[in-house]
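Just below is one structure, and these are the notes that go with it.
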Amino acid sequence: MPNLMLTNWCNYKCPYCFGKDMMHPKLPALNMQEDTFEGIIQWLNKDRQDNVIHLMGGEPTLHPHFEKIVQRLMEEEFKITVFSNLATDQAPSLADKLNLFPVRWVVNVNNPVKWSEKQRHNIESSLALLADKACLTFNVMPDGSDDNWALDLTEKYNLEKYIKVGFLLPTYEQSNMALNDNEYATVATKVTELAIEAAKRDIRLEYECGVPTCAFTDEQLGTLWKCGSPLSSGCCSRLDITPDGWVIYCLPLATMGKKKYYEFENYSAAKDWHEKRYAPYRAMGRTTECAMCPLRKSDSCNAACLAKNLIGCSNIDKLKSVD
């Protein structure tokens, strides 16, 4: 089941955001309207997959009818995961109202040293209410800071005992801040160090889309495995549906082709359409070494972030067109 972008407005303006090409102020501010939302529900009900639906943005708690949307999805017996920064003024109230319901929260956080006092109040108040119905996710930066703050927050607020970490990935248009190739090894080292400390606290790491196996040495991969945080490298995400009903493959590839949800018979048809469009480009891999890599040949790695891999391709016009 897909990621529903309830709004393209966010209270943060993170320079590394891989949703920049779909977000305000690059595009007009949009909230998903009730008729679009109801249409998507009926469309999804034609072909239920895993029943899991993700609510995202922008920042989903900024949608004026967020609570009503959650209640409607629960009526349809969807399993709901909300991706939020919990820094909005609405977040503590919503956390209080919804923490008795089976709603999971994946909380996108930056290093707390960057929080304003108001953000700190909203985030910490919300985390205290949600407790183990929430987990943290953040991008590991290629700088000298350590990331133990994420472990500290997990323990302090009794959050779910795992943390999702990601690399800074580019949009195809390269409109955001992303890792240079020579920074991947630095970030891989920081991830490994975090996994070692996390294991001491009975916390494990999971990984966002686009984390490449080859960024890590064999020794580091072994350490991650021993720490209970084995790397799972992939780029095959749930489809995103924008506030006005466009189906895109993912936010980093938002400008690479889209269709309205109702142009497809069901979600599976939409997924098949997107996968077939990208299949020839996946076969290229990321570098010339990919062709002979045993991980790639065994389908254990699909060359990480597809948006990053496509940057610089000379024959891309056919992919940009929608037939």
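The values are calculated or read from the model by the stated rules, or taken from the named source; none is laboratory data. Predicted model, so just to flag it, every value in this text is computed and none were measured. Here Cβ is always computed from backbone atoms with ideal geometry, including for glycine, and neighbour counts include all displayed protein chains. Just so you know, the surface numbers come from the protein's heavy atoms only, side chains and all, with ligands and any DNA or RNA stripped out. Shrake-Rupley method; radii C 1.70, N 1.55, O 1.52, S 1.80 Å.
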Return the residues of segment 157-176 that are under 27 Å from Glu124 (Cα atoms) and not hydroxyl-bearing (Ser, Thr, Tyr); say none if nothing qualifies. Asn158, Leu159, Glu160, Lys161, Ile163, Lys164, Val165, Gly166, Phe167, Leu168
Residues located in segment 54-81, provided they are among the aliphatic types (A, V, I, L, M) and either touching a helix residue (DSSP H, G or I) at 6+ places or on another chain (Cβ under 6 Å) or assigned to a loop (DSSP other than H, G, I, E, B) (or both): Ile80
Please go through segment 96-127 and pick out each residue that is outside any strand (DSSP E or B), among the aliphatic types (A, V, I, L, M) and touching a residue at least 40 places away in the same chain (Cβ under 8 Å). Val109, Leu127
Evaluate the following for Phe78: is it touching a residue at least 12 places away in the same chain (Cβ under 8 Å), within 30 Å of Thr36 (Cβ to Cβ) and open to solvent by less than 70 Å² (accessible area, probe 1.4 Å)? yes
Is it the case that segment 195-211 has a residue that's in contact with a helix residue (DSSP H, G or I) (Cβ under 6 Å, 6 or more places away or on another chain) and at pLDDT below 90? no
For segment 275-295, check the following and say yes or no: at least one residue is open to solvent by less than 10 Å² (accessible area, probe 1.4 Å), at pLDDT 80 or above and either part of a helix (DSSP H, G or I) or of a type in the set (A, V, I, L, M) (or both). yes
Of all the residues that make up segment 129-148, how many are surrounded by fewer than 17 Cβ atoms within 10 Å (Cβ to Cβ) and either free of Cβ contacts under 8 Å to residues at least 24 places away in the same chain or outside any loop (DSSP other than H, G, I, E, B) (or both)? 5
For segment 188-228, enumerate the residues that are open to solvent by 50 Å² or more (accessible area, probe 1.4 Å), within 25 Å of Leu153 (Cα to Cα) and hydrophobic (A, V, I, L, M, F, W, C). Ile196, Cys209, Trp225
For segment 85-93, indicate whether the set of residues that are outside any helix (DSSP H, G or I) and in contact with a strand residue (DSSP E or B) (Cβ under 6 Å, 6 or more places away or on another chain) is non-empty. yes
Do we have Thr81 as among the polar types (S, T, N, Q), within 15 Å of Leu251 (Cα to Cα) and under 20 Å from the mean Cα position of the chain (by Cα) here? no
Answer yes or no: is there a residue in segment 34-45 that is modelled with pLDDT under 95 and of a type in the set (D, E, K, R). no
Does segment 249-268 contain any residue that is part of a strand (DSSP E or B), at pLDDT below 95 and of a type in the set (Val, Ile, Thr)? no
Could you figure out which of (1) modelled with pLDDT of 95 or more; (2) open to solvent by less than 10 Å² (accessible area, probe 1.4 Å) isn't true of Gly166? (1)
Odd one out for Ser300 among (1) open to solvent by less than 50 Å² (accessible area, probe 1.4 Å); (2) at pLDDT below 70: (1)
Anything in segment 212-238 that is among the aliphatic types (A, V, I, L, M) and in contact (Cβ under 8 Å) with a residue 12 or more places away in the chain? List them, or say none. Ala215, Leu224, Leu231
